[in-house]
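We did not get these values from a lab; they are worked out from the coordinates using the rules stated. As the structure is a computational prediction, the values presented were derived from the model and not from experiment. FYI the Cβ positions are ideal-geometry reconstructions off the backbone, even for glycines, and counts take in every protein chain you see.
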Amino acid sequence: EERYDLSAVGRMKFNRRVGRDAIEGAATLSNEDIVDVIRILVDLRNGKGEIDDIDHLGNRRVRSVGELAENQFRAGLVRVERAVRERLSQAESDNLMPHDLINAKPVSAAIKEFFGSSQLSQFMDQTNPLSEITHKRRVSALGPGGLTRERAGFEVRDVHPTHYGRVCPIETPEGPNIGLINSLALFARTNWYGFIETPYRKVVNHKVTDEIEYLSAIEESKYVIAQANADLDAKGKFKDDLVSCRYKNEFTLSAPDKIEYMDVAPAQIVSVAASLIPFLEHDDANRALMGSNMQRQAVPCLRPEKPFVGTGIERTAAVDSGTVVTAHRGGIVDYIDAGRIVIRVHDEEARAGEVGVDIYSLIKYTRSNQNTNINQRPLVKVGDVIARGDVIADGASTDMGELALGQNMLVAFMPWNGYN
């Protein structure tokens, strides 16, 4: 018999679609489910209800590495099971030990094939810290179980209202993959089911609080959400009589007493690369797209310079990429040379039974995947007091713990024969 499993996500989506409150249930379809499906189809035929939007992010989920690897592992186990059954059915199956029956080769072969030759298993782009972090935050509609470039139409590639705060509307390749490969927005995360969530500040009694709630695209459409740049008074209440909001994926003006959530920051709609562009709001969308993509191609400089004009994301991007070395615990720098930093940990941070010294070995002149130079340089001196999380060594393309992709240009205004 053929078995099937709706899975937790399938059951949750099904229950939501047929209007049930419960999100859990049987993994197979019941008579009640079939009746509900027929009822909804009849309603749609009669013009009641709305047809599902296939490009809505509530109907598209992210399949993480773990899930893809799990599927390969399962395929390998099925092959092993088949081999074991065959061997058991043969006549001389008496007195066989488990190791005679089970051959684990198919499982390891499936896993090796997945990591070695899958379309989604890619050689990390290590040109600079930004290209590294962007590559890891990429969301692709291609690959096994996904679309192909030829089949993907215009609608799939287009920006959808539910992309707001979840997927960057700017950063995508220009070429045949446009819109099929996207980048996660700055504060986006995936929930347990694989749907992308974005954070909002909660509004309680017409007052904007600092309480943060993550909403998926399915939940978000129920609420009226104000923009991050809405004017607030000292008490956290909206100043204007009409505030620019989003409701049911439409932009609208709403009275302050109707607002339930507010965006966290104006930058939450764009990706890491786009958020590094100063005054992004004044740029043409096409040029911003090119700028986001070209920052990833910046080759590390011998003498990196952090930008005079930045957006404030530079330090976070450098630290989160793992290129710089940060202190695990606070303390005092005891010893330092080009290759390592020794920090004597503060007594209050040292745990009983643990060594009260942290030693950080620096990466020296290593070749990156793109043949650029990875070299970490110490930023501290002996005797410096360090707090937990402080940057203690720079990596490639960073300056004083900040991302430094290029050089600051020196512009001179000079008189010329009395002109200028």
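Does a label point 7 Å from the Cα of residue 71, set along Cα-to-beta-carbon, have any residues of region 157-187 with amide nitrogen under 19 Å, and which are they? In region 157-187, the label zone of residue 71 (backbone N under 19 Å from the point 7 Å along Cα→Cβ) covers 180-182. Mean separation of Cα pairs under 8 Å and 6 or more residues apart, divided by the residue count, gives the chain a relative contact order of 13 percent.
If R0 is taken as 22 Å, the Cβ-Cβ distance between residue 281 and residue 367 corresponds to a FRET efficiency of 0.05. Dipole magnitude for region 8-112: about 280 debye, using +1 per Lys or Arg Cβ and -1 per Asp or Glu Cβ, origin at the Cα centre.
Between residue 89 and residue 37, the FRET efficiency estimated from the beta carbon spacing at R0 = 45 angstrom works out to 0.65.
Taking the fewest neighbouring Cβ atoms within 10 Å as the starting point, the ordered list for 248, 202 is 248, 202.
Distance between the pseudo-spin-label points of residue 328 and residue 147 (7 Å out from Cα toward the beta carbon): 4.4 nm. Only lysines eight or more places from residue 239 in sequence, or on another chain, were considered; those with a Cα closer than 30 Å are 202, 207, 222, 248, 258.
Relative contact order of region 325-394, taken over Cα pairs closer than 8 Å and 6 or more residues apart, is 42 percent. Other residues within the sphere of radius under 15 Å centred on the Cβ of residue 389, judged by their own Cβ, net out at -3 (K and R +1, D and E -1). Under a Cβ-Cβ cut-off of 14 Å, what is the net charge of the residues other than residue 60 that fall near it, where Lys and Arg count +1 and Asp and Glu count -1? Here the charged neighbours net out to -1.
Take residue 228, project a point 7 Å from its Cα along the Cβ direction, then tell me which residues of region 245-288 have their backbone nitrogen under 17 Å from it. Hits in region 245-288 for residue 228 at 17 Å: 245-246, 261-283.
Short-range pairs are left out: with C-alpha atoms under 8 Å and at least six residues apart, the relative contact order of region 189-264 is 34 percent. So for the pair residue 79, residue 4, with labels modelled 7 Å out along Cα→Cβ, what separation do we get in nm? Inter-label distance under the simple model: 2.7 nm. Per-residue Cβ neighbour counts within 10 Å put 133, 54, 111 in the sequence 54, 111, 133, beginning with the fewest.
Residues of region 164-186 falling in the label zone of residue 55, defined by backbone nitrogen less than 12 Å from a point 7 Å along Cα to beta-carbon, are 179-180. Which entry is the computed volume of the Cα convex hull per residue in Å³ for this structure: (i) 202; (ii) 298; (iii) 233? Given (i) 202; (ii) 298; (iii) 233, the calculated one carries the label (ii). Summary of packing: across the peptides 168-174, 101-107, 126-132, the per-residue average of other C-beta atoms within 10 Å ranks them, highest first, as 126-132, 168-174, 101-107.
Summing Lys and Arg as +1 and Asp and Glu as -1 over all other residues whose Cβ lies under 14 Å from the Cβ of residue 310 gives a net charge of -2. If we count other beta carbons within 10 Å of each Cβ, what is the order of 410, 88, 186, fewest first? So the ranking, lowest neighbour count to highest, is 410, 88, 186. About its Cα centre, the dipole of the chain is roughly 560 debye, where the only charges are +1 on Lys and Arg Cβ and -1 on Asp and Glu Cβ.
Model label points for residue 45 and residue 202, set 7 angstrom from Cα along the Cα-to-Cβ axis, are 4.5 nm apart.
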